[in-house]
Every structure is written in structure tokens, then in C-alpha cells.
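What follows draws every value from the coordinates through simple rules; no lab data is involved. A quick note: this is a predicted structure, and the numbers were derived from the prediction, not measured. Heads up, the Cβs are rebuilt from the backbone with ideal geometry, glycines too, and the neighbour counts pull from every protein chain shown.
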Amino acid sequence: MSNYFIVLSGPSGSGKTTVISKLLQTDLPKLKRLVTCTTRDKRSGEINGRDYFFWTKERFQQAIQNKELLEYEFIYGNHYGSPSSELIKLLDSGLNVIASLGIGGAMRVKELKIPSVMIFLKVSSPEELRKRLKQRSPSASDVEIRLNKARDELASENRFDYSVPNDNLDDCVKTIYEFLKDKLC
């Protein structure tokens, strides 16, 4: 049985990080979250090395040049990426790895033919997505930018193995849990 890289992707505000946190609290076998890296500022309560590796732009550029990243993207004015060595270390130790990636990053993983499960999270209404984004960002222009990008990202839904609505967190987590339990066991 091979181990899997489980990728959750979807528009900003679709609940990727929250769903991953809930899945990590279940009895799914050997599941570990991949800590990715970013150049964005820490949000309240985030810890370097637990939530993200918070890198400078210079450090991120160095990682790109040194081919240290499995995938990377420039989203909303910041760089995001997945350190290859971290993923390899976790998979080689017999773990299933889960991460939240942007659409571009998820498609890059798919191109690399890594044993993966690609899950797209979506929110059924633009109003719900707007509400979630407003809770996260006080800037009306930032919310509008993210909503516009979400419209484009929704067109990528069919490029994923599974698409799961996240209108109700418990239902969403249960759906993904049931699928992964069958896949991983």
C-alpha cells in the first residue's frame, strides 16, 4: 500500500485549513499535515514551523533557485510553496500527508505524478464566501479581489479527483473522512 499526498484546494475562504485541522483530529491512519512556506505576514495566533514556515522574499527566491520547492505560486501579493524535502521525509516515513495548496500548486503536484488525492473545496454561494472573507480581512478591496479570483478558480473544479461542498463544516469533514478512510485503509 502506498502513501498518499492529500491536497485540499479551492478558493480563499473555502475552509481548507479548518477542514485539515478537523481531519487531523480523526482516526485516519498515519495522517500528517505538510507545513508549507509563505512570504505573507503571520496572522494572529500563527506560529512559524507549525502553521507555515514564514520566509523572507529573499529566502523564498533562494529556495526556488535551489529547486527546494515541489510547487510554488504567487497569490494575493505573497509567495506560497511546498518544501520538497519535507514531503519526501514524511512520505518515506510511512505517513499520509495532507496540505492546503492553491489551484496552481495542486495542478503542479498532479503533473509530477505523485501518488495523490486531489480534493476541491467549494462554497455554494458567493454571499457565504463573501461573509467568510470579510471575517478574515477588513479590507473591502481585498475581499473583492479574492471573490473575483474565486470565480476563476471554480472553473478548475473538474480538474480534481473529488469536489466537496463546504457549506456545513461537519458534513464536509465527514464526507472527506469517509472517502479517505476507504482510500487509506
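Quick rundown of the values:
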item	result
Full-stretch length increase - D142, E111 - with 0.36 nm per residue and alpha-carbon distance subtracted	8.1 nm
Nearest-20 debye value, the range 115-185 charge dipole, Cβ charges on Lys, Arg, Asp, Glu	220
Distance between modelled label sites at S125 and D41, nm, 7 Å Cα→Cβ extension	3.3
Computed [θ] at 222 nm, deg cm²/dmol, the chain (DSSP H ≥ 4; -39,500 (n - 2.57); rounded to nearest 500)	-13000 deg cm²/dmol
DSSP-loop trypsin sites (Lys or Arg not before Pro) across the range 22-123, with at most 16 other Cβ within 10 angstrom	K30, R40, K42, R43, R50, K67, K113
Among the listed pairs K32/K183; K110/K181; K22/K134; K89/K183, those beyond 18 Å (Cα-Cα)	K110/K181; K22/K134; K89/K183
Relative contact order (%) - the chain, alpha-carbon pairs under 8 angstrom, separation at least six	34
Neighbourhood charge, 14 Å Cβ-Cβ cut-off, centred on V109 and excluding it, Lys, Arg +1 and Asp, Glu -1	-1
Surrounding net charge for L184, when Lys and Arg each add one and Asp and Glu each subtract one, Cβ distance under 13 Å	+1
Where GluC sites (Glu not before Pro) fall in DSSP loop in the range 1-79, at most 16 other Cβ within 10 Å	E46
Size of electric dipole in the chain: Cβ of Lys, Arg +1 and of Asp, Glu -1, about Cα centre, debye, nearest 20	260
Distant-in-sequence amide H partners of E71 (H built 1.01 Å from N, under 5 Å)	S82
